[in-house]
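The values are calculated or read from the model by the stated rules, or taken from the named source; none is laboratory data. Note that the coordinates shown come from a computational prediction; the quantities given were computed from them, not determined experimentally. With ideal geometry, Cβ positions are generated from the backbone for all residues, glycine too; neighbour counts draw on all protein chains shown.
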Amino acid sequence: MHTNDLRQLAGRLIMIRLFGTALDADTADFIRANRIRGACLFRQNMTDAAQLTRFTSDLKDAMGELALIALDQEGGAVVRALWVPPPPSAMALGAAGDEPLARDVGAAVARAIRALGFNWNFAPVLDLNNNPRNPVIAERSFGADPDRATALALAWMAGSDSEGVACCVKHFPGHGDTHVDSHRDLPTVDKPLPELERFEFAPFRTAAPHAPAVMTAHIVYPALDADNPATMSRAILHDLLRTEWRYDGVIITDGMDMHAIAHRYDAGDAAVNALRAGADMVMAIGSRDTQERTIAAIAAAIGDGRLPLADVHARLARLDRLARAHPAGAVQYATEDADRALMADAWRRALTARGNPQRPAPGSKVRLVARQDVVSDGVSEAGVPASAIAAMLATLFDVDLVTFADAETFDWHALPDDGRFTILASTSRRRYGAHARATWTPDLHLALWNPYQALDVAAPALMTYGFAPPALDAVRSWLAGDIEATGQCPVPGF
């Protein structure tokens, strides 16, 4: 087979990242020359609806009718299009505990992103978060109980599918019980196989017949394969998922630029290993050079038989089927106002109290303590500014704002002893350290991102599972006495 033909087969098996907010001629030529049909867009690729719709339309023109144009629009802190109705996080839906609500939210998410030209959403997260120290999942999980979390995820998926957007469950076979972020290092989940089957694997096994796609985890599971992360493990992708569970949807890798992979393997070798293990598509999220090396390595593996042609065509058939069932291309968005109201209601229903929190009296003097900077963990969007929380509180109270740069050196006891009701607002995912846990004593803790932070501070707490504007609106409604916090945190310890 001619080298160019091999490259075009290889190009159909990768998904690329793009740079900038428009499709430049050079990238369009690269896509067409290699017949690349997959792209994942991130926040830096997006300005507004008009720009993004043009971008996805140009991508579809370059990639063809079977284009797969994807993003991570999970909800909560992991969203990319920020101007559409902001969906609650998975754990917020877990706290609300209502499957019809989860289905409605999944449908509304799909309507918003399909109107922008996307046909593939890398959601929902099926990881069961039973590890309070997990640095990257937390509120992205529906909860810790396999049955309840899976029921909510299936409802969310059904909603998405009803609106023409393919889901992709992640991170198979489970990222919930790790204390390492695979974006930064290679985690290991060292549990006996019966425990994995009862817990981590359960949501994926139940969802497999309904999931158009599955995303792999860059995690080692010694009970199945002591040598390879799941992304490159034939025992996990082929033997378990394809053969034992009879899964016939698309398997796509997580981003191969993540340190768990990129710091240990050559990009081309890793891509070939993933495909040989059973993946259908490699997420070559990296530089153009990385994408070129990935295509060259896959083409060489097809050429020398390490990736048999029949297997390649089976992979292409699965990808084609996914694209045909969920066509790319923007459609009219006629339900934005209704969807915005739906999302706001979902955020309100998720609001969870811990330790009998009390409201300050209307018009009273409060002190807000929050971190200075607006942070992201590299996966999520940046958290809410302290000034935005202060502005919300100022509609109800006389507010004094105090910010800190470093929680581990901030002296809580240096705050004025002037009788103000003190509110701590936690606006990052990172858990608090020993200093804050031992010395901070707010009257009320607003845990506006990671609910596990409510365990770090000895104070009554209100948990939102996210910091989107309707989450702050829900907090304001509670503080004003207009609503109660009826959510039930779906993980142990609360």
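Things to note:
Let's see how each residue does on (1) more than 22 Å from the chain's Cα centre (by Cα); (2) buried (at least 17 other Cβ atoms within 10 Å of the Cβ); (3) in the same structural domain as GLY106 (by TED's automatic domain parsing):
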site	(1), (2), (3)
ALA330	yes, yes, no
ARG349	no, yes, no
VAL375	no, no, no
VAL384	no, yes, no
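- Residues of region 226-252 that turn out to be under 11 Å from ALA277 (Cα atoms) and part of a loop (DSSP other than H, G, I, E, B), as a count: 1
- Hey, ASP417 in contact (Cβ under 8 Å) with a residue 24 or more places away in the chain, acidic (Asp, Glu) and not assigned by TED's automatic domain parsing to the domain that holds ALA90 or not: no
- Scanning region 352-366 for residues that are touching a Phe, Trp or Tyr at 6+ places or on another chain (Cβ under 7 Å) and surrounded by 21 or more Cβ atoms within 10 Å (Cβ to Cβ) yields one hit, VAL366.
- Of the helices (runs of 4 or more DSSP H) entirely within region 5-117, those holding at least 1 residues that are without any contact (Cβ under 8 Å) to a residue 40 or more places away in the chain occupy 25-34, 49-63.
- Residue within region 474-485 that is within 21 Å of GLN372 (Cβ to Cβ) and touching a strand residue (DSSP E or B) at 6+ places or on another chain (Cβ under 9 Å) present: yes
- Residues of region 223-250 satisfying the condition of being within 25 Å of the chain's Cα centre (by Cα) and among the hydroxyl-bearing types (Ser, Thr, Tyr): THR231, SER233, TYR247
- Residue tally, condition surrounded by 24 or more Cβ atoms within 10 Å (Cβ to Cβ) and either among the acidic types (Asp, Glu) or modelled with pLDDT under 95 (or both), over region 81-119: 0
- Put simply, of LEU316, LEU401 the only residue that is surrounded by fewer than 20 Cβ atoms within 10 Å (Cβ to Cβ) and in contact with a Ser or Thr (Cβ under 8 Å, 6 or more places away or on another chain) is LEU401.
- Contacts under 6 angstrom Cβ, first residue in region 205-225 being of a type in the set (Asp, Glu), partner surrounded by fewer than 21 Cβ atoms within 10 Å (Cβ to Cβ), 6 or more apart: ASP225/ALA235
- Region 424-446, residues that are among the aliphatic types (A, V, I, L, M) and in contact (Cβ under 8 Å) with a residue 60 or more places away in the chain: LEU444
- Scan of region 459-494 for residues that are more than 21 Å from VAL79 (Cα to Cα), small (Gly, Ala, Ser) and touching a helix residue (DSSP H, G or I) at 6+ places or on another chain (Cβ under 8 Å), ordered by number: ALA461, SER477, ALA485, GLY487, GLY493
- Put simply, of PHE142, PHE122 the only residue that is in contact (Cβ under 8 Å) with a residue 60 or more places away in the chain and under 24 Å from TYR432 (Cα atoms) is PHE142.
- The listed residue being outside any loop (DSSP other than H, G, I, E, B), surrounded by fewer than 24 Cβ atoms within 10 Å (Cβ to Cβ) and assigned by TED's automatic domain parsing to the domain that holds ASP311, out of ALA155, ALA223: ALA155
- Listed conditions (1) of a type in the set (A, V, I, L, M, F, W, C); (2) modelled with pLDDT of 95 or more; (3) more than 15 Å from HIS210 (Cβ to Cβ) are all met by ALA138, apart from (2).
- Any hit, region 208-221, residues being modelled with pLDDT of 95 or more, β-branched (Val, Ile, Thr) and touching a Cys at 6+ places or on another chain (Cβ under 9 Å): yes
- Summed over region 226-264, the residues that are more than 23 Å from ASP377 (Cβ to Cβ) and either free of Cβ contacts under 8 Å to residues at least 24 places away in the same chain or of a type in the set (D, E, K, R) (or both) give a count of 10.
- Test: residue in region 296-307 that is crowded, with 19+ Cβ neighbours inside 10 Å and in a loop (DSSP other than H, G, I, E, B): yes
- The single condition among (1) within 27 Å of ASN45 (Cβ to Cβ); (2) charged (D, E, K, R); (3) part of a loop (DSSP other than H, G, I, E, B) that ARG133 does not satisfy is (1).
- Boolean, TRP449 is farther than 20 Å from GLY75 by Cα and not acidic (Asp, Glu): no
- Yes/no for VAL282 being touching a residue at least 12 places away in the same chain (Cβ under 8 Å) and surrounded by 21 or more Cβ atoms within 10 Å (Cβ to Cβ): yes
- Any chance MET1 is of a type outside the set (Asp, Glu), surrounded by fewer than 17 Cβ atoms within 10 Å (Cβ to Cβ) and touching a residue at least 60 places away in the same chain (Cβ under 8 Å): yes
- Answer from PHE467, PHE410 - the residue that is among the aromatic types (Phe, Trp, Tyr), at pLDDT 95 or above, assigned to a loop (DSSP other than H, G, I, E, B) and out of contact with any Leu (no Cβ under 9 Å at 6 or more places or on another chain): PHE410
- The set of residues in region 360-395 that are basic (Lys, Arg) and either free of Cβ contacts under 8 Å to residues at least 12 places away in the same chain or part of a loop (DSSP other than H, G, I, E, B) (or both) is empty.
- In region 141-171, the residues that are charged (D, E, K, R) and farther than 27 Å from ALA330 by Cα: ASP145, ASP147, ARG148
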